[in-house]
Amino acid sequence: MDAQQVFTVGQQGLYMLLLVSAPMLISTLLIGLAVSIFQAATQIHEATLSFVPKVLGAVAVLAIAGPWMLTSLVEYIQRTLQSIPTAVG
């Protein structure tokens, strides 16, 4: 296994990480932004007001995109494990 193959596997792993985590990160970012705007407009600064909607949003995203996320990860792991013999030999 040469350096190019190592970099390729690392690049694919990082890409998969970003692809799978993007829906949850984007949803919590947008919910946090909306709650922050609401808190600034009403001057209500309660910590749980920003925490609870983010958790509910993350759970909703997991419920909706969870099967796709799991399928993507399983396919990536299968591809990676199946490429071991060609990388070693």
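Return yes or no: is THR8 of a type outside the set (Lys, Arg) and touching a Gly at 6+ places or on another chain (Cβ under 9 Å)?
Details: of a type outside the set (Lys, Arg): yes; touching a Gly at 6+ places or on another chain (Cβ under 9 Å): no.
When the stated conditions are applied, THR8 does not pass them.
Of all residues in segment 1-46 being touching a residue at least 40 places away in the same chain (Cβ under 8 Å) and among the β-branched types (Val, Ile, Thr), which is nearest to GLN78 (Cα to Cα)?
So the residue we want is VAL9.
Identify all residues within segment 47-59 that are without any contact (Cβ under 8 Å) to a residue 24 or more places away in the chain, surrounded by 11 or more Cβ atoms within 10 Å (Cβ to Cβ) and among the small types (Gly, Ala, Ser); write none if there are none.
SER50
It is to be established whether one or more residues within segment 60-78 are without any contact (Cβ under 8 Å) to a residue 40 or more places away in the chain and surrounded by 14 or more Cβ atoms within 10 Å (Cβ to Cβ).
Yes, some residue in segment 60-78 is without any contact (Cβ under 8 Å) to a residue 40 or more places away in the chain and surrounded by 14 or more Cβ atoms within 10 Å (Cβ to Cβ).
Hey, can you tell me all the residues within segment 15-44 that are hydroxyl-bearing (Ser, Thr, Tyr), touching a helix residue (DSSP H, G or I) at 6+ places or on another chain (Cβ under 6 Å) and closer than 13 Å to MET69 by Cβ?
As a first pass, look at segment 15-44 and keep what is hydroxyl-bearing (Ser, Thr, Tyr): 15, 21, 27-28, 36, 42.
Subsequent filtering for residues that are touching a helix residue (DSSP H, G or I) at 6+ places or on another chain (Cβ under 6 Å) retains 27-28.
Of everything in segment 15-44, just one residue is hydroxyl-bearing (Ser, Thr, Tyr), touching a helix residue (DSSP H, G or I) at 6+ places or on another chain (Cβ under 6 Å) and closer than 13 Å to MET69 by Cβ, namely SER27.
Since every read-out is calculated from the coordinates, none of them should be taken as a lab result. Keep in mind that this is a model prediction, so the values were computed, not measured. Note that we place each Cβ from the backbone using ideal geometry, even for glycine, and neighbour counts take in every protein chain shown.
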